Structures are given as structure tokens and as C-alpha cells.
Amino acid sequence: MNLINLILIPAIPLAVFLVLGIFSHKIKPAVSGVVGVAGLATSTLLSFYTAWQYFFVLGKLDGVYQTFVEKITWMQFTESLHIDMGVLIDPISVMMLIVVSTISLMVHIYSRGYMKGDDGYTRFFAYLSLFTFSMYGLVLATNLFQIYIFWELVGVSSFLLIGYYYTKTSAIAAAKKAFIVTRFADFGFLIGIFIIGFYTNTFDFQTLNDPQGPAILTWASSSFMGLSVITWALILIFMGGAGKSAMFPLHIWLPDAMEGPTPVSALIHAATMVVAGVYLVARLFPMFYMVEDGFALNIVAYVGAFSALFAAIIAITQTDIKRVLAFSTMSQLGYMMMSLGVSGFDGHEGVGYMASMFHLFTHAMFKALLFLGAGSVIHAVHSNYLKDMGGLRKYMPVTNITFLIAALAIAGVPPLAGFWSKDEILVAAYENSQFLYGIGVFVAGLTAFYMFRIYFGIFWGKETNYKHAPHESPFSMTLPLMILAILSIGAGFIPFSEFVTADKAGFATHINLELAAIAIVAGLLGIVLAWIFYKKENDLAFRFSNAFGRFYTWTSHKFYFDEIYLFIARRIFFQSVAAPIAKFDKKIVDGTMEGIGNQTVVVSRKIKGMQSGKVQDYAFGFIGGVVILALVFIYIWTN
């Protein structure tokens, strides 16, 4: 592999960030957009060249794709425990380079039109470049600490982009919420890293994932509460991944993150940052699989399945189209986690791993398309809410067709990309757990329903009385939509299982007609129900929402999890814990220090007359001292 090319991939967006950030007041907006797009286009070309060279030029060695690592030691702790900085190239890192590059480039191009006229135009492109650099660093990391460093940089970039409209109160609150919630999750991640470093004496991915390596021998004998300490470490690491990928119960930040500009939603909260958690589990998958008969993997599977179902139910009732897509993202990420959790390691037993990565790949294309399509609609009607939309198909034909393609893809309609990857996930679930398979099929039906609910609500339904006639978005916005639509159609035909598998050997897959038919029927049933409810104006949706009564209310309020967390934060942490500690600090700690200071002032006032500066006072003191010393001397002498 060409090391220079690999280094340039993240180095170019870093350079763009520095140039645009430092000279933001001197660079014209039009120039900053061109610089941002040109930089990402170069990194994208290098990423595709790397993928071609890796898969088709170098190919397999002894039946498996090779792993290439170039690194230097950054911090040395012991002979074997050190933190390295470098790049790791294997099938999933190459796949992620393609995903990050493609989506980021489309968002950069789209943003030239969407953000046109914005006062912070140059600053926006600087933030986008910083985020892309951070994601490149994350996917190329060679060890746990390196991935953690870029993990936090991704968090900072997300904070900056969610809070881009820094004069908007809701955007500020959303940015802080995302940052704080993911900090709790990342604290677990960091503890997990420390545990692994302590017990295995390494942070290196290759060493940790080697079934015959020394690391596995060191963790087998150490246990805590019936589980090995490494299992606990992996659970804590998954906690970090669950926070980044918005898994239940650390999901509350994702819907609010929609306060950022829509291109940010497409880049960060649909296709790249939120999949970092899935990527982390995949990166450490051999470890998850090897310890305790996959106990940690079971947690991944069931948390993923519940998150998929939970988010799909909430998405049905939301009226903000970006929030519907946010919960849809959470649901699809749950699919990916569930697929990893039910996977084996070798050959067809590892279909879950392959399916998860495949769905990550295809989902990036059609979910980014859905978000950018939603942005095109919002750009036209200046609202996020379904009540302000309707009948837009005749005003926005390109957005209508591309959005429909993405909706069909996520609904799992063949032969679009989502059908192939979702089908593989359901096959993996069926072979390992009938219960999880049932959840997967049910969620597939719900996905089709809520997605076509917003499609019909936006482009069909009753036309709103628009103040200004909507119009199609400019070419800079529709071009990425058309490219992503093509990818949403064609990405599923890639023989993904031949390139990305847990054992890096690859295998051929064949469609399971019976399971595929069940999934297709579930998706079509969801589409038909949405057609009946929302294609034309009627009161069916209102009647059904009333029929479900309190459950509908709970669902529309996202099961009050925001309120629950606020109660816990304010009543328990702030009032019951923080307030008494603050009172102790003020009354005891500060009071003691203030008391010492006050007494010092009192004493100084009493004795400051001794330093009056008057000669007679000093003479009196001198004579008095002599007299006292003389009396003491006489007393001692006479006794």
C-alpha cells in the first residue's frame, strides 16, 4: 500500500480546516466552498484508489485479504504497552473510507447551494473538513487509544456543527445535550480501554483480535462477578459505541441534534458519525466473539434489537420530518448492532457481521439521500413540519423521484440496495434467534410505513397554501441527490460478502427466497397502509391515534425519556447530590478558609500599631524590651 496516499486522505481535510479556519475573514465564501469541495474530492479519489488497489491489485494472500499497518510509537509505558499513531488497512477500514468520502463529498457539494448566503459560510466548510478529518482518523486507527482520540475529535466536530446556529437557543441546547450524553458513554469507553490495557498489556487491535495471541491468555483467568474482566471491558466499550450510535437508553441526543443545518444531519447523524459505534464493535468483533461464549455479543444483539423496535415505533408519530429520519437512523443502527450480535466468525456462520457492514454501506447512501431530500424540501417551504407540506411532487420533480427511491430502498423493496442488506440481516437473525428475527421483520414493516407516511405527506396529500410557490432546488443540491439515488439503486448489487467478512476470507451468498418473501410482504404491507392513511386527505390517521389513546400520547412524546432524564438530573443529581455537596463546600470548606482569613485580618489590625513608623514608639519598645530582659536576668541570677 502507498503510505503517502493513505496519509494524504486525512491530511487534506485537516489542511482545508486550518486554512479556512485561520483565514475565514479573508477568504470569500465562494472560494471557501470551492476549496472545501476540491479538498474532499481529492481525498475521495485517493480513497477509491486505495480500495481498488487493496481489493483488486493486492488481492488475497493464502485465501484472505491482508492487513497492512504502518505506525510509530507515540507514548511508551512499558516494553509492550504503548500508544501508537498510524494507519491500519483491512476490509472494513477500506469500506469505511469509501463511505466517509462519498457522503462527505456529496454533502460538501450540496452545502454550496443550501448554505449560500449564510453569514458563517466559510466557518461551516471549515467545520465540515474538521469532522471529515476526524472520521478518517477514527477509521484508520491502529489501536484503542488512537481511535479514542479521534472519537473525541468527532464529538467536538459534532458539537460545533449541531450548534452552528449559535444565536439559536434550541441549537445551543441540542449541542450541549449531544456533547454531555455522549461524554457519559465515552467515560465507560475510556474505563474499558484502561481495563484492557491493564490486563492484556496492549492497546493494539491486531494483538487484541488474534485468537492465538498472548492477549487472550491473560484475560481468561481474571474474573469479576462471574464474568471475565475483559467481558466487562467490552461491555463498557460497547457503552461508548451505544452512545455514539444512539442506542437505547443513550439515544436522547439524536433527535435534538436535528437543530443543526440539514447537510450536517446527512453527514453526521445519518451516515458517518453515528455508525462509529457499529464500526467500533466490528473492529473488536473477534474479541467480542471469543470471550465467554459471546456474552458481550448477546448484549449487543438485544440492545440493538430493542433500539430498532423502540425507535421505529416513535418514528410513526413524529411530525418533524427530520426527527422522523433521526429515529429511523436509530432504528437502522439497531439493525446493524443486532446483526453483529447474532454473527459467528467463519464463513457462512459470520453472515451477521457481513450483513451489518453491508447494511452500514447501503444505509449510508439512501439515508444521506433522505436527509438531503428533506433539506431540499425544507429549503423550498421553510418548515420542517408535515402540516406545512403537501403536493410538492409537481413543484419539485427531482426531489420527489430521488426521495421516493430512497424510501423504497429503506423499505426493503427489491432490487434496491436496502433490500439486499436487510435481507442478509434477517437471514442471520433467523439462523440464531427466532425472537430477534420476529422483531426484525416487524421493524421492517414499521420502517416502510413511517417512511411512506412522510413521503405521501410531503409530495402527495392536500396541498398547503404556500406563501410563495415552491420550486426545485438548484443544481448544486439536486446533483448529489441524483448521484445518491443511483447509488441507492446499484449499491446492493456489489458482491459484498466476497470483500468484507469477519475472517477476511469472503464467501458467496445466495438469497433465501422464503425469508426474502416474508420481508418483502412486510415492507409492502407497510407501504399499502401508508397509502391508505396518507396519500389522500382523510381522518383515518386521526381516528387510529385516538383509538390508541394514551399509548399514542406516550409515543408522540418519545415515552417521556427527555423528561425522565431531566427529572433524574435536576431532582436527584442537582438537588439531592450536587446541592448538598455545594452547601458543604460553601459552608465548611469555604467557611473554614474564610474564617482563617478573617481571623488573620483581626489579628493584623490588633498588632499593626507595632509598625507605626514613629521613632518614639520604637524607642519605647526597645527600652521596654531591655528592661524585661534585665528583670529576667536578675531573676535567674538571684535564684
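Ranking of VAL100, VAL602 by neighbouring Cβ atoms within 10 Å, starting from the fewest: VAL602, VAL100. A simple rule links phi to the HN-Hα coupling: the Karplus curve 6.51 cos²θ - 1.76 cosθ + 1.60 with θ = phi - 60°, which for the stretch 152-168 gives 6, 5, 4, x, 5, 4, 4, 4, 5, 7, 5, x, 4, 7, 6, 8, 9 Hz, with x for Gly and Pro.
For ASN512, no residue whose modelled amide H falls within less than 5 Å of its own remains once neighbours fewer than 5 places apart on the same chain are excluded.
Over the residues of the chain, the helix contribution to mean residue ellipticity at 222 nm works out to -22000 deg cm²/dmol, using -39500 (n - 2.57) for each DSSP H run of at least 4. Scanning the chain for chymotrypsin sites (Phe, Trp or Tyr not before Pro) that sit in a DSSP loop and have at most 14 other Cβ atoms within 10 Å, the longest stretch containing none of them is 167-639. Using a Debye calculation, one point per C-alpha and no hydration shell, please list log10 I(q)/I(0) for the stretch 487-639 at q = 0.12, 0.16, 0.20 Å⁻¹ in order. For the stretch 487-639, the Cα-only Debye profile gives -0.98, -1.13, -1.23.
For the stretch 144-183, the Cα-based Rg and Dmax, in that order, read 11.2, 37 Å. Under 5 Å from the amide H of TRP74 lie the amide H atoms of ILE83, ASP84, MET85, each residue being 5 or more positions distant or on a separate chain, with H modelled from the backbone and absent for Pro and chain starts.
Note the per residue figure in Å³ for the convex hull of the C-alpha positions in the stretch 563-638.
115
A Förster radius of 30 Å combined with the Cβ-Cβ distance from SER383 to ALA11 puts the calculated FRET efficiency at roughly 0.15.
Working from label points 7 Å from Cα in the Cα-to-Cβ sense, the ILE636 to VAL589 distance is 4.9 nm.
Spin-label model, ARG605/GLU537: points 7 Å from Cα along the beta carbon direction are separated by 8.0 nm. Taking 1.002 mPa s as the viscosity and 20 °C as the temperature, the Stokes-Einstein diffusion coefficient of the stretch 431-531 based on its alpha-carbon Kirkwood radius rounds to 123 µm²/s.
Note: relative contact order over the chain, using C-alpha pairs below 8 Å and six or more positions apart, is 12 percent.
Database remark: amide H of ASP503 closer than 5 angstrom to the amide H of GLY347 (H placed geometrically; neighbours at sequence offset of 5 or more, or on other chains; Pro and chain starts carry no H). Computed 3J(HN,Hα) for the stretch 511-521, one whole-Hz value per residue from the Karplus formula 6.51 cos²θ - 1.76 cosθ + 1.60 where θ = phi - 60°, is 5, 8, 4, 5, 5, 5, 5, 4, 5, 5, 4, glycine and proline marked x.
The Rg/Rh ratio for the chain is 1.14, where Rg is the radius of gyration of the alpha carbons and Rh is the Kirkwood radius. Per-residue Cβ neighbour counts within 10 Å put ASP503, ASP585, ASP210 in the sequence ASP585, ASP210, ASP503, beginning with the fewest. Ranked by how many other Cβ atoms sit within 10 Å of their own Cβ, fewest first, the residues HIS510, HIS382 fall in the order HIS510, HIS382.
Each value in this text was obtained by applying a stated rule to the coordinates, not by laboratory testing. Fair warning: this is a prediction, and the values are worked out from it, not measured in the lab. Ideal geometry is used to build each Cβ from the backbone, glycine not excepted, and the neighbour counts take in all protein chains shown.
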